[in-house]
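One structure is given here, and the rest of the page talks about it.
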Amino acid sequence: MEKISYLGHTLTRWRVGQSTFLALPEKGARLVNWNITLGDGSVRDVLYWPENADFAEIAKVRGGNPILFPFNGRTFDRGDIHFWRAADGVRRPIPIHGIARQGEFKVTRIDTRGFVAEFVPGEEARACYPYDYEFTVTYRFDTLGLSCEFSLTNLGREPLPWSAGHHFYFTVPWSEGTTRSDYLIRIPAAKRLKQDATGHLVTGPKLQTDESLANPALVDTFHTALRGNEVVFGEKGRPGDVTVRLGPEKIPPPEAAFVTWTQADDSPFYCVEPWMGPANAAEHKLGLHLVPPGATEKFAVSVGVR
């Protein structure tokens, strides 16, 4: 573990076996990059990070793993985007993907295998989500993988709503001379959903369990009613697949979702995102969790390369 200077910021770097991880825990608890050294000495980026990223606008940086809390995706109130309505009937603002990915965190533990960071709500966060709580992000790093756990403790007197998730930007393609059409993704979902322009969930595309990453129907799709907790994607006929696991149980809760997304056909990344539920959970309630006063709820995911 060591500190390095990068674009005016101090990042922490971990080397664990074949893997190297870079993170800025204090800003959005952002995992910036993960790469692995292959047997021939070459380096493969597993998580994508753009050159000359603007850390002052970290919420807009397409790379690493943004933390989505308390709600993921686009949130609506009665058709109006960037708002949500709590149980008290009050409409409040909420940015896309919530308040944590651009927020401040304090590191409460750091060692040679990872870190724990606690969210420090600022003025905007308190206006969007005016509760008494403790939200922490714990990363643990391994030679060919990582795990990340969210922990939300309700310190107040009313149920605490949340439906959080991850936004992993995976480097695709990762082999020279290949395109997205050379990669397959396997998603064990029985139901697919989309979000319409007013935030409502609508029927999604009909997809096979195994699909080409070049299929445009995958973009902005929620894969739910999961028959297993693993999504696997990789280059056809070659080793090095990425496995993303949602939760510790082999069968996740029925409302849990994987989201597939990319920005453009030629983007150097593809996002495979494990979420507690589809976007706009605060309104439609699918995947919305309520943490009772005094209780703690956790959400865990892991990623590996094989």
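Considering only 33, 17, 252, and ranking their Cα positions along the charge dipole of the chain that arises from unit charges at the beta-carbon of Lys, Arg, Asp and Glu, the one farthest toward the positive end is 252. Say a paramagnetic label sat at a point 7 Å from the Cα of residue 109, along Cα to Cβ; which residues of region 280-303 have their backbone N under 18 Å from it? The answer is 296-302, whose backbone nitrogens lie closer than 18 Å to the label point. Approximating the spin labels as points 7 Å out from Cα along Cα→Cβ, the residue 196-to-residue 300 distance works out to 3.9 nm. Over the chain, dividing the summed -39,500 (n - 2.57) contributions of all DSSP H runs of at least 4 residues by the number of residues returns a 222 nm mean residue ellipticity of -500 deg cm²/dmol. Relative to one another, the C-alpha centroids of region 136-178 and region 230-291 are positioned 11 Å apart. Straight-line reach only, C-alpha to C-alpha below 26 angstrom: list the lysines that residue 191 could link to, leaving out same-chain residues fewer than 8 apart. Excluding near neighbours in sequence, the set is 206, 236, 250, 285, 298.
First select every other residue whose beta carbon is under 14 angstrom from the beta carbon of residue 201; then total the charges, Lys and Arg +1, Asp and Glu -1.
Numbers: positive: 74, 191, 192, 194, 285; negative: 196, 220, 255, 283.
Counting the neighbours of residue 201, the net charge comes to +1.
Rounded to the nearest 20 debye, the dipole magnitude of the chain is 440 debye, with +1 charges on Lys and Arg beta carbons, -1 on Asp and Glu beta carbons, and the Cα centre as origin. Here the Gaussian network model covers the chain, with springs between Cα atoms less than 10 Å apart; of 80, 220, 241, 80 fluctuates the most.
The simple spin-label model puts a point 7 Å past each Cα toward its Cβ; for residue 285 and residue 220 those points are separated by 2.7 nm. The candidate values were (i) 21; (ii) 11; (iii) 44; the one computed from these coordinates for percent of Cα pairs over 37 Å apart carries the label (ii). Of the candidates 17, 63, 277, which one comes out as most mobile in a Gaussian network treatment of the chain with C-alpha springs shorter than 10 Å? The residue with the greatest mean-square fluctuation here is 17. Here r is the Cβ-Cβ distance between residue 186 and residue 158 and R0 is 30 Å; the resulting FRET efficiency, rounded to 0.05, is 0.15.
Rule-based calculations on the coordinates, nothing more; no lab input. Just so we're clear, the structure is a prediction, and the values are computed from it rather than from any experiment. Positions of Cβ are generated from backbone atoms using ideal geometry, with glycine treated the same way; all protein chains shown enter the neighbour counts.
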